[in-house]
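The values are calculated or read from the model by the stated rules, or taken from the named source; none is laboratory data. Owing to the predicted nature of the structure, the values given are computational and were not obtained by experimental measurement. Cβ placement follows ideal geometry from the backbone for every residue including glycine, while neighbour counts extend to all protein chains displayed. All accessible areas refer to the heavy atoms of the entire protein, side chains included, with ligands and DNA or RNA removed. Shrake-Rupley method; radii C 1.70, N 1.55, O 1.52, S 1.80 Å.
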Amino acid sequence: MTHIGAGDEEDLLRLSREVERTAGTFADGMRELDERKVTGADSSGRVVATVTGSARLLRVRIDPRAMRDLDHVALSQAVLDAVGAARQAAAEGLDEVLDRLNGGRPRPDPDDDSFAPYLDAFLREG
């Protein structure tokens, strides 16, 4: 049986407080993102999508000229492009939140981060 010394208990308490602070900062950031509205448009600007900062689709606005000028395939691609652009803008907001969490330290390469798929899956569940 391992005995925990006084210094070890203090380290555990300090670590616990740090984890709680970080979790609170992350939760605040996610609330901030969810309240933010971000838009993106297709290359012509005739289709505009609005998403929350956490990438939840709120609305798609299609200019009547796009309905007239584009066939169904081109129109569907324009919608996908607009939603993709809006979600990319939302991802930049998430990057800001993550930068605040790590105190400006460089982030690891996502290809080398074994935790990244789990975080990505967690963020997509919401």
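Taking each DSSP H run with n ≥ 4 as -39500 (n - 2.57) and averaging over every residue of the chain yields -20500 deg cm²/dmol at 222 nm.
Between helix 116-125 and the chain, what is the angle of the helix's C-alpha long axis to the longest principal axis, kept within 0 to 90° and rounded to the nearest 10? Approximately 60 degrees, to the nearest 10. For the chain, a simple Cβ point-charge model (Lys and Arg +1, Asp and Glu -1, everything else neutral) yields a dipole of about 860 debye relative to the Cα centre.
Evaluating 6.51 cos²θ - 1.76 cosθ + 1.60 at θ = phi - 60° for every residue in the stretch 49-61, the Karplus couplings come out as 10, 10, 10, 6, x, 9, 6, 7, 5, 9, 6, 10, 10 Hz, glycine and proline recorded as x. Ignoring ligands, DNA and RNA, what percent of the 1.4 Å accessible area of the chain is carbon and sulfur? Summing carbon and sulfur atoms, their accessible area is 54 percent of the total for the chain. Projected label points at Leu94 and Thr39, each 7 Å from Cα along the beta carbon direction, are separated by 2.3 nanometres.
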